Amino acid sequence: SLPIETIEHKLTTETPNDLTEESMQLYRAIGQLNKIDRLVIMMVLEGQEYEDIAEVLGIQPTNLRVKIHRIKKRLKKILSHE
């Protein structure tokens, strides 16, 4: 299984037509997250600045980093069970 960071890079550099199986698995895993977590991880994948994401959510950047870490852990858990 690829590290999330490697898959993130693939997702940001591939066009929708040439998504790899790994990328498809990640998108399916993201689809299993709750609405807020899905929004956060998609903003991260789009390369948004953490400060901007935190502002949108109305939370501190420090809290956002913790949230992103937990989301990535959940994604890894989902992906490891596929």
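Are any residues in the stretch 20-33 open to solvent by less than 50 Å² (accessible area, probe 1.4 Å) and either modelled with pLDDT of 90 or more or not β-branched (Val, Ile, Thr) (or both), and if so, which ones?
As a first pass, look at the stretch 20-33 and keep what is open to solvent by less than 50 Å² (accessible area, probe 1.4 Å): 20, 23, 26, 29-31, 33.
Answer for the stretch 20-33, where residues must be open to solvent by less than 50 Å² (accessible area, probe 1.4 Å) and either modelled with pLDDT of 90 or more or not β-branched (Val, Ile, Thr) (or both): Ser23, Leu26, Ala29, Ile30, Gly31, Leu33.
Can you name every residue in the stretch 49-59 that is surrounded by fewer than 12 Cβ atoms within 10 Å (Cβ to Cβ) and in contact with a helix residue (DSSP H, G or I) (Cβ under 6 Å, 6 or more places away or on another chain)?
Glu51
Output the number of residues of the stretch 60-76 satisfying the condition of being open to solvent by 30 Å² or more (accessible area, probe 1.4 Å) and in contact (Cβ under 8 Å) with a residue 60 or more places away in the chain.
Taking the stretch 60-76 and keeping what is open to solvent by 30 Å² or more (accessible area, probe 1.4 Å), we get 60-63, 65-67, 69-70, 72-74, 76.
Still in the running and in contact (Cβ under 8 Å) with a residue 60 or more places away in the chain: 72, 76.
Going through the stretch 60-76 one residue at a time, the tally reaches 2.
Filter the stretch 34-48 down to the residues that are farther than 16 Å from Met24 by Cα and part of a helix (DSSP H, G or I), then identify the one that is most open to solvent (accessible area, probe 1.4 Å).
Lys35
The values are calculated or read from the model by the stated rules, or taken from the named source; none is laboratory data. Since we're looking at a predicted model, the values are computed, not measured. So basically every Cβ, Gly included, is an ideal-geometry build from the backbone, and we count neighbours across all protein chains shown. Just so you know, the surface numbers come from the protein's heavy atoms only, side chains and all, with ligands and any DNA or RNA stripped out. Shrake-Rupley method; radii C 1.70, N 1.55, O 1.52, S 1.80 Å.
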